[in-house]
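The values are calculated or read from the model by the stated rules, or taken from the named source; none is laboratory data. None of these values were measured; they are calculated from a predicted model. A quick note on method: Cβ atoms are made from the backbone with ideal geometry, for glycine too, and the neighbour counts reach across all protein chains shown. In case anyone asks, the SASA skips ligands and DNA or RNA and just uses the protein heavy atoms, side chains included. Shrake-Rupley method; radii C 1.70, N 1.55, O 1.52, S 1.80 Å.
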Amino acid sequence: MATNFDFLKKTDKNLFEIISEAEKLYRDEYFEQCMGQTRRFAENVCKNVLGKKRTTEDTFDQMLATLKDNSQGSEQEKEFISDLYFLKKCGNKSVHSSSVKKDGINALECLQRAFEVAINYSVYNRNGDKKNLNLHYDIELLATGKKDKTLAQKYSQAKKKLSPKTQNKKTKKQPTKKLAQQTSIKSTPRKSKVSSYWIFVGICSIITFCFVIFLLLT
């Protein structure tokens, strides 16, 4: 089944399995567990990013504090750390909650934030394909587990729905129209008519010619 995090398979298979499980939990409406799983994902990402810089940090809070202290202050880093804090906060609430709230909205936001974290991690920390920066979270894919069809696929499917009879009717009608146009043109030849104006001009010309001859003879 396809997930929004398929691009993470090549980068970090372990992280991919953690976060793909979160999408399954959401699809089955286990929203609290989904948020807890996104927190687990965020904690493992933070641990991987710190790498050798991690010394005595054991808790997620300590690792986040160290990560923040070692950041260069760029906007990309600020967003990355902010998303990790958000996932930690929501995950803690879901784990320690005394009742099941079925909070689908917050669970969806956790998945979307985890998606941004995954892109950031794969591109800037694991030298992944920069084309991943253009990816967008697909809610339809989350709900169905199937990738949305491309425009070409949709066009091909719509074309197949047309019955052969419909296509044949369309092809037969076209030459009929052309034939009707040709016959109508042939059946209306132009008529050569002389207008009364030109008749009058001819008579005047003859009278003038006769008058000139008469003057020359006299």
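List the aspartates and glutamates whose Cα lies under 13 Å from the Cα of LYS10, skipping any in the same chain that are fewer than 8 positions away.
Correct list for LYS10: ASP129.
How much area per residue is accessible in segment 56-122 when the probe is 1.4 Å and only protein heavy atoms are counted (Å²)?
Numbers: 3660 Å² over 67 residues.
Result: 55 Å² per residue.
Give me the percent of accessible area attributable to carbon and sulfur for segment 1-154, probe 1.4 angstrom. Show your work: numbers first, answer last.
Numbers: 4340 of 9150 Å².
About 47 percent, which is the carbon plus sulfur part of the accessible surface.
Using a Förster distance of 35 angstrom, determine the FRET efficiency expected from the C-beta separation of GLU79 and LYS10, and round it to 0.05.
Working: r = 23 Å, r/R0 = 0.66.
The computed FRET efficiency comes out at 0.90.
To the nearest 0.05, what FRET efficiency results for ASN70 and ARG27 with a Förster distance of 25 Å applied to their C-beta separation? Can you show the working numbers first?
Numbers: r = 36 Å, r/R0 = 1.45.
Efficiency computed from Cβ-Cβ geometry: 0.10.
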